[in-house]
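The values are calculated or read from the model by the stated rules, or taken from the named source; none is laboratory data. No experiment lies behind these values; they were computed from the predicted model shown. Please note: Cβ atoms are built from the backbone with ideal geometry, for glycine as well, and neighbour counts cover all protein chains shown. All accessible areas refer to the heavy atoms of the entire protein, side chains included, with ligands and DNA or RNA removed. Shrake-Rupley method; radii C 1.70, N 1.55, O 1.52, S 1.80 Å.
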Amino acid sequence: MKAHPIAGDSVIAALLAALELVSLFAMPGGVHPAVFWLVGAALLGPLVIRRRDPLLAAYLILAAGFAQLVTHGPNPQGFDARIRVADIALGIALYTTVAYVGRKQGALYVLWLAIGIAAWATWRMDLPESILPTLVIVVIFAFCWVLGEFSGARRAYHLEVERRLALLETERDQQARIAVGQERARIARELHDVVAHAVSVIVVHADGAAYAVRSQPEVAERAIRTISATGREALTELRRLLGVLRSEDSETDRTPQPGTQSISDLAERVRTIGVPVLLDLTGELDDLPAGVGLGIYRIVQEALTNTIKHAGPGATAAVHVRRVGDRVELDITDRGPGSPRHGLTPGGNGLIGMRERANVFGGTLQAGPHTEGGWRVRAVLPVTTA
């Protein structure tokens with residue numbers, strides 16, 4: 001009905017038309033059947049477009065109602081004979097005007113209805129006889145007005161809710177884009193430090209090799225091998241850096257960046273806060289590229305930070321980092337009385353940051369409630385080998 005208003009209103013008009021067939025047996029005397037049905041069609045026909053063009057439909061129905069006063073004429077056959085099913089369209093038109101257009105137009109429409117009711121009551125019956133049917137009609141129209149007020153208020157409320165939801169969705173998308181941009185800028189600064197460190201190592205070893213190439217060829221050979229390995233690693237980090245936008249106007253932290261070797265210290269700091277952490281590091285993690293090691297550390301750091309903030313009192317955490325062939329698998333779980341979180345709460349960017357950091361290195365990250373309770377963060381990062 002809401003998706004196809006014309007179809008729904010056509011059904012209403014058809015049902016009233018079917019009921020109008022019954023009133024054929026109570027057709028006022030002296031009224032030609034063709035006129036009777038023509039006025040009925042004029043009353044019911046505009047209902048089809050009542051929601052598409054409420055004012056046009058309402059005043060077409062009103063015109064048909066005044067035409068009925070003229071064409072049907074005085075009729076002393078009783079109250080039932082003077083009211084036809086099609087006259088319900090006048091009440092529906094009043095309801096539609098109030099609900100879809102507003103009170104001002106609805107009040108004007110009521111004024112025209114009052115004129116029509118007064119004409120109908122004085123022309124077709126004596127004053128004592130007109131009191132009861134007039135009161136009945138007034139009550140019906142008053143009910144239609146109240147129903148229109150209620151429906152209009154509900155429609156206005158739904159429209160406002162939809163508008164606010166649209167604004168919230170837009171704001172959420174903007175916050176997500178801002179969070180991604182900030183995280184990429186941070187990653188770019190960290191990778192910049194990694195590459196800067198590699199270049200510094202290359203320069204130092206190149207100078208040493210130049211001095212030792214004649215007197216100590218073994219030392220010079222080791223320096224050249226170090227230069228080669230460091231250069232390849234720096235090239236790998238530079239390829240990742242090209243895909244990340246870096247904010248040039250922000251200050252760069254020049255302190256040494258942590259890696260997988262710093263995860264033990266991180267777990268110990270979390271334990272001192274009061275959250276027991278089970279740490280499991282498996283495989284060759286010390287020779288990972290500096291950028292990958294830094295990404296692993298940041299993901300573990302963010303996951304444990306969220307555990308401290310959201311898991312609640314008495315929470316515990318388990319961190320499993322293992323290298324399997326050319327990839328590193330991370331599994332961070334926690335258990336506590338806290339509610340679901342990690343970037344799912346308003347203003348939270350933890351999940352966005354972790355996922356963006358994994359994506360930069362070509363990996364994947366999943367986060368959500370654990371099947372055994374608590375929360376789980378699982379990530380897989382490939383290791384780029386020279």
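Whole number in Å², please: accessible area per residue of the range 284-325, 1.4 Å probe, ligands, DNA and RNA not counted.
37
Quick one: what are the phi-derived ³J(HN,Hα) couplings along the range 274-281, Karplus 6.51/-1.76/1.60 with θ = phi - 60°, whole Hz, x for glycine and proline?
Running phi through 6.51 cos²θ - 1.76 cosθ + 1.60 with θ = phi - 60° gives x, 10, x, 10, 8, 10, 9, 10 Hz.
Quick one: length gained pulling Ala118 to Arg222 fully straight, 0.36 nm per residue minus the C-alpha distance?
Result: 26.4 nm gained on full extension.
Considering the dipole of the range 130-186 built from charges on the beta carbon (Lys and Arg +1, Asp and Glu -1) around the Cα centre, which of Ala166, Phe150, Gln182 is farthest to its positive end?
Gln182
Order 267-278, 169-180, 105-116, 34-45 from most to least packed using the mean count of other Cβ atoms within 10 Å.
34-45, 105-116, 267-278, 169-180
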